[in-house]
Every structure is written in structure tokens, then in C-alpha cells.
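**Student:** For reference, the structure I am asking about is given below.
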Amino acid sequence: MTTPAERDDDAPLRIREAVRALVIDPDQRVLLVRWQFPNLHVWGTPGGGIEPGEDSASALRRELHEELGLDDPLIGPQIWERTHIIPFIDGRWDGQHDRFFLIHTKSFEPAPRLTWEPLNAENLFELRCWTIDELDAFEPTTRREFFAPRRFQPLYRALLADGPQATPADTGV
């Protein structure tokens, strides 16, 4: 795999465009997925890469259908964004630009349309709804387990308190 440090200094970074959903139920529980990589477990929002020919809404609907079994969600405003540079395991990308959209939904039990075998092949291993208190009380099982973005709890708390801002906030890494 070629890492950004090994690439030609003049070569532009290959940044994957992606969409993410902050799925919130009426009890203000947020649905997160656990991505598992070698030496790393990340709790983050569902979503994924935008395929050729897709717009953001189409990509987000596809990802939510595949990962959560959530069909035809009402996609709210873009609330956050971030660009993170991290070499992908497959070597195709040097990083990713995520756009996070707000999804309010009724309570539901996630039922992915994909089986766990393809979800695991995409590094997705768990789905869980979290209350704000559970987010705040979270204690990682290892030093390599965290929320993404890293400031997830304060970002979520601010969203609950103040609602969406006029322009998407940069979440940092």
C-alpha cells in the first residue's frame, strides 16, 4: 500500500468523497456503528463513499438502506464536515472528506439489508443507539477505541442544545 508519505510530493492526495448520517430518534438517542480496523475500533455515524454518478442524497439513502435497513429517510441539513488524511487499507485513497447530514427518525430496530458478511468485509461490526449519558460515560476497552469525530460528544450535545447552525461545522479529526 502506498501511504501519503511514500507518494510523489507533486501528486495530489486522493480524497474519497463520503456522506454520513446523524440518525436521531425521538428520545434523542443517536445510532452509531462500530468500524473495526487492524488495531483500531471506531464508533462513528453510518454512511460511506459516494459512488460515481450519485449525488449526496442518493448515496446517503443507499448507505442507510444497506447498513441500517432505513428506507427513504427524510434527509435534513448538512450539519458537520471534516477531511481526514488516513491511508485506506486497500491503498486506493489517502483520506476522506465526510459530510454529515441530520436524520430525525422514529424509533426503529436497525435491520441491515446487507448480511453481516459483506458488512464485516467493509469493516462494520456493530450497530448501537446511544443516549447522551451513555456517550458521556463511554470508557474505551483499549487506547485504540474512540468516537469519530473525536469531539463527537460535545458536537452532539451542542446540536441538541442549539439545533443545526447556518453553516456546517468543521468537526476536526
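Nothing in this text is a laboratory measurement; each read-out follows from the coordinates by a stated rule. Here the structure is a predicted model, which is why all the values come from computation and not from measurement. Using ideal geometry, Cβ is built from the backbone for each residue, glycine included, and neighbour counts are taken over all protein chains shown.
**Student:** Stokes-Einstein diffusion coefficient for segment 91-133 at 37 °C in a medium of 0.692 mPa s, Rh from the Kirkwood formula over Cα pairs: what value in µm²/s?
**Tutor:** Details: Rh = 13.8 Å.
Estimated diffusion coefficient is 239 µm²/s.
**Student:** Where nothing but the Cβ of Lys and Arg (+1) and of Asp and Glu (-1) is charged, how large is the charge dipole of the chain around its Cα centre, in debye to the nearest 20?
**Tutor:** Numbers: 19 positive and 30 negative charges, 56 e Å.
Using only the charged Cβ atoms, the result is roughly 260 debye.
**Student:** While we're looking at this one, here's another question. Using the Karplus equation 6.51 cos²θ - 1.76 cosθ + 1.60 (θ = phi - 60°), what ³J(HN,Hα) coupling, rounded to whole Hz, does each residue of segment 156-161 give in order, writing x for Gly and Pro?
**Tutor:** Taking θ as phi minus 60°, the curve returns 5, 4, 5, 4, 5, 6 Hz for segment 156-161.
**Student:** Work out how much length residue 15 to residue 170 would gain on full extension: take 0.36 nm times their residue separation and subtract the Cα-Cα distance, in nm to one decimal. Before the final figure, lay out the partial values.
**Tutor:** Values: separation 155, 0.36 × 155 = 55.80 nm, distance 1.66 nm.
Net length gain for the segment: 54.1 nm.
**Student:** Ok, one more. Using R₀ = 45 Å, calculate the FRET efficiency as 1/(1 + (r/R₀)^6) where r is the Cβ-Cβ separation of residue 133 and residue 85; round to 0.05. It would help to have the intermediate numbers written out before the result.
**Tutor:** Details: r = 33 Å, r/R0 = 0.73.
So the FRET efficiency works out to roughly 0.85.
**Student:** Using Cα pairs closer than 8 Å and at least 6 residues apart in sequence, work out the relative contact order for the chain, in percent.
**Tutor:** Values: 307 pairs, mean separation 53.1, N = 173.
It rounds to 31 percent for the chain.
**Student:** Ok, one more. Give or take rounding to whole Å, what are the principal axis extents of the alpha carbon atoms in segment 14-91, in descending order?
**Tutor:** Its Cα atoms span 38, 31, 22 Å along the three principal axes.
**Student:** If you look at just the Cα atoms of the chain, how large are its Rg and its Dmax in Å?
**Tutor:** 16.0, 50
**Student:** Counting only DSSP beta bridges with both residues in segment 16-170, tell me the antiparallel percent, nearest 5.
**Tutor:** Numbers: 23 of 37 bridges.
In segment 16-170, DSSP labels about 60 percent of beta bridges as antiparallel.
**Student:** For a quick protection proxy, order the peptides 52-60, 18-26, 72-80 by their average other-Cβ count within 10 Å, most packed first.
**Tutor:** Ranking, from highest mean packing down: 18-26, 72-80, 52-60.
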